[in-house]
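The values are calculated or read from the model by the stated rules, or taken from the named source; none is laboratory data. All of these numbers come straight from a predicted model, not from anything done at the bench. Here the Cβ positions follow ideal geometry from the backbone for every residue, glycine too, while neighbour counts run over all protein chains shown. Calculation scope for accessible area: heavy atoms of the full protein, side chains included, ligands and nucleic acids excluded. Shrake-Rupley method; radii C 1.70, N 1.55, O 1.52, S 1.80 Å.
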Amino acid sequence: MIITGNLTDRRIQNILNNEPIEKSIAEVISLESRYTRGGWKIWAIFQYKTRKGIYKKEIYNYNDNFKKGDKCDIIYSVKYPEIAEIKNKIENN
């Protein structure tokens, strides 16, 4: 399982580093509690718009970094828009 995860992470990074990407802004549309082997954890659900439609990405909300309504700059793969990486949180003014 760990090996598969590492291979997947490398493949994702390869796509984002070597294939065409676009930028977008993702917004936290909800927070969800999920039970895992380590107990209850909170996940931030991001939504972002691409040329091919609207996509969602779930990220473990470590240390409650994200709140509903937060926005972040992201990059995503043009070929595989479901593959995205959060770059920077946009600070509210």
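Give me the residue from the range 70-93 that is within 12 Å of I12 (Cβ to Cβ) and not in a strand (DSSP E or B) and, out of that set, most open to solvent (accessible area, probe 1.4 Å).
Narrowing the range 70-93 to residues within 12 Å of I12 (Cβ to Cβ): 75-77, 80, 82-85.
From the residues that got through so far, the ones that are not in a strand (DSSP E or B) too are 80, 82-83.
Working: Y80: 67, E82: 97, I83: 29 Å².
If we take residues in the range 70-93 being within 12 Å of I12 (Cβ to Cβ) and not in a strand (DSSP E or B), then E82 is most open to solvent (accessible area, probe 1.4 Å).
Every residue in the range 12-32 that is assigned to a strand (DSSP E or B) and either in contact with a Ser or Thr (Cβ under 7 Å, 6 or more places away or on another chain) or touching a residue at least 40 places away in the same chain (Cβ under 8 Å) (or both), please. Break it down stepwise before answering.
Here is the first cut: in the range 12-32, the ones assigned to a strand (DSSP E or B) are 21-32.
Answer for the range 12-32, where residues must be assigned to a strand (DSSP E or B) and either in contact with a Ser or Thr (Cβ under 7 Å, 6 or more places away or on another chain) or touching a residue at least 40 places away in the same chain (Cβ under 8 Å) (or both): I21, E22, K23, S24, I25, A26, E27, V28.
So if I check each of I21, I45, I29, I75, which one is modelled with pLDDT of 95 or more and touching a helix residue (DSSP H, G or I) at 6+ places or on another chain (Cβ under 7 Å)?
Values: I21 fails: touching a helix residue (DSSP H, G or I) at 6+ places or on another chain (Cβ under 7 Å); I45 fails: touching a helix residue (DSSP H, G or I) at 6+ places or on another chain (Cβ under 7 Å); I29 fails: touching a helix residue (DSSP H, G or I) at 6+ places or on another chain (Cβ under 7 Å).
It is I75.
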Residue count, the range 43-69 (criterion: closer than 13 Å to A26 by Cβ, within 13 Å of the chain's Cα centre (by Cα) and not in a strand (DSSP E or B)) | 1
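How many residues are in a strand (DSSP E or B) and open to solvent by 90 Å² or more (accessible area, probe 1.4 Å) when one looks only at the range 33-42?
To start, the set of residues in the range 33-42 that are in a strand (DSSP E or B) comprises 33-36, 39-42.
Next cut, open to solvent by 90 Å² or more (accessible area, probe 1.4 Å) only: 35, 40.
So the count comes out to 2.
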